[in-house]
1. Note down the net charge around Phe406, summing +1 for each Lys or Arg and -1 for each Asp or Glu among other residues with Cβ under 13 Å from its Cβ.
2. Can you order the peptides 36-43, 393-400, 284-291 by their average number of other Cβ atoms within 10 Å per residue, highest first?
3. Determine, for each peptide in 90-98, 438-446, the mean count of other beta carbons within 10 angstrom over its residues, then list the peptides with the highest first.
4. Summing Lys, Arg as +1 and Asp, Glu as -1, what charge do residues with Cβ under 11 Å from the Cβ of Arg149 carry, Arg149 excluded?
5. What's the ranking of 449-462, 223-236 by average number of surrounding C-beta atoms within 10 Å, highest first?
6. Rounded to the nearest 0.05, what FRET efficiency do Lys428 and Gln486 give with R0 = 22 Å and r taken as the Cβ-Cβ distance? Could you check?
7. To the nearest whole percent, what portion of all C-alpha pairs in segment 1-161 is separated by more than 26 angstrom?
8. Compute the normalised compactness of segment 388-469: alpha-carbon radius of gyration over 2.2 N^0.38 Å, N being the residue count.
Amino acid sequence: MNGDWIRLQNLEKLFSELLKDRPSLRKDEEDVLSLMEKLPKEEVLTMLTNSDSLVAFRCSCLLSDILTKGLYAILTEQREGLIGSEEMFKLRLESLFSSFAFLDLFVTVEPVFLYRLCRFYARVLDNMGRLLQEYSVTDSSPVSVVVLRLERLIWRQRDMLLFPHGETTTSVPYAFTAYLVLCRKWISFLTLLHSPYHSTHSLLNVPDFVRYANTHPVFYVRQRSWELLLELQKRHVEFSRVILEEACREENLPSLTTLFSEQDSGTLQMSSYFGYQADSVPSIPTKQMFLRYYILGLVSSLSDLSWNEALLHSTHLYFVERVDFILKQITFFLASWYAPPKSHSLEYYLVMLFTEQDDLMCMLFTKVLKLCRQSLNSEEQQHKKIPKLSLNIHPMVFCWLYQIDFDEYVLLDLINSSETEFLTFFVKYLNAILYTEPEDFLGNILEGDSGRFTSLLEKLSSVLERLQDKNLIPFCCEPLIRKMRQVLRHILPIASTRDKKQRSEFSDKVSPS
């Protein structure tokens, strides 16, 4: 075992020059491609398949750093004009990635090694994604070349099958989950870095992924499947219909009841390099995480389908009814997790489910708002005959505001957060209020909430103004302040009249006869 650590340390010493923050660009024996030729492939395979998980993990991180720093060195050479032509740039990239061609995902049959290779390539995508984001170029050609070489390295010019070795491997949950994560990171990598580039190896097995997402006995597999489907949907809106068709099948619905059963739902066997044994019965947080992605998948697909004229079809009414039915069923399920309020509303339970994860909650709010905007213009609604989902964005937002006690500083933190898209949603929500009659907007919220909401907007506007005057806000918030004050002018007269009427009625009730 000590010999493995010694070999690993020798490998680290061999690439120590390359692994510095600013690697050497000399054209001698320390050239990046010359170093790659010294990569001991057999030793690397031995370390990656090592029974000592720490050795395998450290080796995987080292290889990822080597590949990333090698790419950085070649990109730096290209930027500084040290590479003669674009063809030479392509050849150097080809040589770099071919050094790792022996780590072939599609010839591996051992589940543990498959798992480790998937984790390795997922780590490579993360590292290279960050590198390419920092590598600012006016011409996208270098980035597209890198993406193409990466695709050839990971997918070997083959279709991205459901899994390289069929049912025998998909039945190994930890390996299958790692592959799902790798697929999601690849789609995200393409979308984030080079959206004009279209992969020739698209996922053609979306119905199978939806089936796994709905019915697989291991909840981690379900969650990762839905995460992948959401990434696919961002890039290929046509997948929305397939997702809805498969997710709304009658035979898939009984699998939801396993969310609340205590029966054994499968064992992950191993979920990390460190041999962590997951509980055979998943915890409530595990089930909640799956359910969040499941609901997001349904609502996002329905939202995209509703606003795409090319995909709108006579079966759309069926999708709305089925999604509505599923969400109502989930309402009854969630009552066993959360203390029921006075009114058992779907909006309340969804807020309770999503409130622990701001990024997913903002995503849900945005998709529900997109669905609700269709009903703002009744004439257009009647003309297009677009059915409505029973979800309403206003009760949902106000349920959440209750959870944060209408605290303007919570909104301020979310507005400044780079981890959520709350600012984008908030502006769209304010616009939706402006395009809604004040009476209709106030009719969707509980009595007394209008005063708290207007007070919240006034306080938030004042806080943003003070921060902007002191240059303590990272963006120009003047348009947002104007928007909030437009909303105040829009609803305040009706809200004030409504509050006076409520106070008058209350006074009449308590006054002595």
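1. -3
2. 393-400, 284-291, 36-43
3. Result, highest mean first: 90-98, 438-446.
4. That works out to +1.
5. 223-236, 449-462
6. 0.95
7. Percentage above 26 Å: 27.
8. Relative to the rule-of-thumb radius for its length, segment 388-469 sits at 1.13.
The values are calculated or read from the model by the stated rules, or taken from the named source; none is laboratory data. All values reported here derive from a predicted model rather than from experimental measurement. Backbone-built Cβ (ideal geometry, glycine too); neighbour counts: all protein chains shown. Calculation scope for accessible area: heavy atoms of the full protein, side chains included, ligands and nucleic acids excluded. Shrake-Rupley method; radii C 1.70, N 1.55, O 1.52, S 1.80 Å.
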